[in-house]
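Here the structure is laid out as structure tokens; the discussion comes afterwards.
Nothing in this text is a laboratory measurement; each read-out follows from the coordinates by a stated rule. Computed from a prediction, not measured in an experiment: that's the story for all the values here. Virtual Cβ from ideal backbone geometry, glycine too; neighbours counted across all protein chains shown.
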Amino acid sequence: MSINCEILDLRAFLSVVELEGFHRAAEALNVSQPALSRRIQKLEMAIGAPLLERTTRHVSPTALGTELIPLVRRMLEEFDGSLFAVRDVGVQRSGLVTIACLPTAAFYFLPTVIRQFNAEYPNIRFRILDLPATDGLQAVARGEVEFGINIMGTSDPDLIFDRLVEDPFVLAARKDHPLAGRQEVGWSDLEPFRLITVHRSSGNRTLLDAALARSNIKLRWFYEVTHLSTSLGLVEAGLGISVLPQMATPQGDHPFLVTRPIRTPEISRTIGVVRRRGGTLSPAAERFLDMLIGTWRVECRQPEDRPPATS
């Protein structure tokens, strides 16, 4: 079923929400209040539900209206950006790319690709929502972003997942910890020590617990935190050791911490691109995604996947 609404209807809704009233919104849009009200009513009729709750002194979005705000905002920004892109064709290539990205992936890899992309397309702006896995998938499904960088695990038939790379879970420990002297460790080696983990609601924790259960391995978690960065802080303070994705660990030589592979079994999370099935990316997002996939697959290849060196 198609929804019959206009850009002006969407602008009217967003203005009322952002300016918290019909009077100020009508002034900002340079229309009469009755005309503004008709725009809102038309949009609500097209949606099939109220979007605003009105009292004599206050206007606020309904639950559905609140859910639609980020989507409407992105649609208007993309529309305005497309107009500017048409106007500036031949002069500058502009636009907006909106992404939902795992915080670890955003920190580890995204800046490198964005820097490379900005060198070629300096006028394309970015909005990056660094969100946990579940929130990132919801942002893609609701249309708040054009695509996401996430871990595999969604069963939503409206989303498609394209694998990019495997990100193994590793041990993070202080350099003076007994396990730090080993080249690799097994899961049983962790049992005597206090372990730090992220909360059970985390996609990483869910994935790790399921993989360990399949191998009949049970670890004794002592500290539970919300963010991976917090777990590293506790490790650095000498309070325990942590199991976390390699992307979440410090890169290069850290003054206090080391990471070690964990074998038997090796457990990893699959990182990839999540998109809405049948969705169409903006030209700017499509160009960026092509560069992202190409660069990531080169940078993240495992040593055994790399071609042999030539003399």
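Alpha-carbon geometry of region 7-67: the Rg and the Dmax are 10.4, 28 Å, given in that order. Loop-resident GluC sites (Glu not before Pro) (DSSP state other than H, G, I, E or B) in region 40-69 with no more than 12 further Cβ atoms inside 10 Å of their Cβ are absent. Extension gain for the segment Thr55 to Glu166, taken as residue separation times 0.36 nm less the Cα-Cα distance, is 34.7 nm to one decimal.
The mean sequence distance of close C-alpha pairs (under 8 Å, at least 6 residues apart), as a share of the length of the chain, puts its relative contact order at 19 percent. Share of pairwise Cα-Cα distances greater than 37 Å in the chain is 33 percent (whole percent). For the chain, the longest principal axis of the alpha carbon atoms and the long axis of helix 63-87 meet at an angle near 80°. Where does the chain land at 222 nm, in deg cm²/dmol rounded to the nearest 500, when only DSSP H runs of n ≥ 4 count, each adding -39500 (n - 2.57), divided by all residues? The helix contribution divided over the chain gives -12500 deg cm²/dmol. The stretch between Ser188 and His254, if pulled fully straight at 0.36 nm per residue, gains 21.2 nm over its current Cα-Cα span. Relative to the longest principal axis of the chain, what angle (0 to 90°, nearest 10) does the C-alpha long axis of helix 133-142 take? Helix 133-142 and the main axis of the chain meet at about 30 degrees.
I need the trypsin sites (Lys or Arg not before Pro) found in region 94-195, filtered to DSSP loop residues with at most 12 other beta carbons within 10 Å of theirs.
Lys175
Straightening the chain between Ser32 and Asn123 buys 29.2 nm, computed as 0.36 nm per residue apart minus the Cα-Cα spacing. For the chain, the longest principal axis of the C-alpha atoms and the axis of helix 33-47 are separated by about 50°.
Label-to-label distance, Glu18 versus Ile69, with points set 7 angstrom from Cα along the beta-carbon direction: 1.2 nm. Most simply put, the chain has about 55% antiparallel DSSP beta bridges, counting only bridges with both residues inside it. Normalised Debye scattering of region 165-269 at q = 0.17, 0.21 Å⁻¹ gives log10 I(q)/I(0) of -0.71, -1.16, counting only Cα atoms as equal scatterers and leaving out solvent.
I'd like the trypsin sites (Lys or Arg not before Pro) in region 254-286 restricted to DSSP loop residues with at most 11 other Cβ atoms within 10 Å, sorted by number. Qualifying residues, ordered by number: Arg277. In this structure, the amide hydrogen of Val165, modeled 1.01 Å from its nitrogen in the peptide plane, lies closer than 5 angstrom to those of Ile271, counting only residues at least 5 positions away or on a different chain. Packing here is the average count of other Cβ atoms within 10 Å per residue, and on that basis the peptides 13-22, 214-223, 95-104, highest first, run 95-104, 13-22, 214-223.
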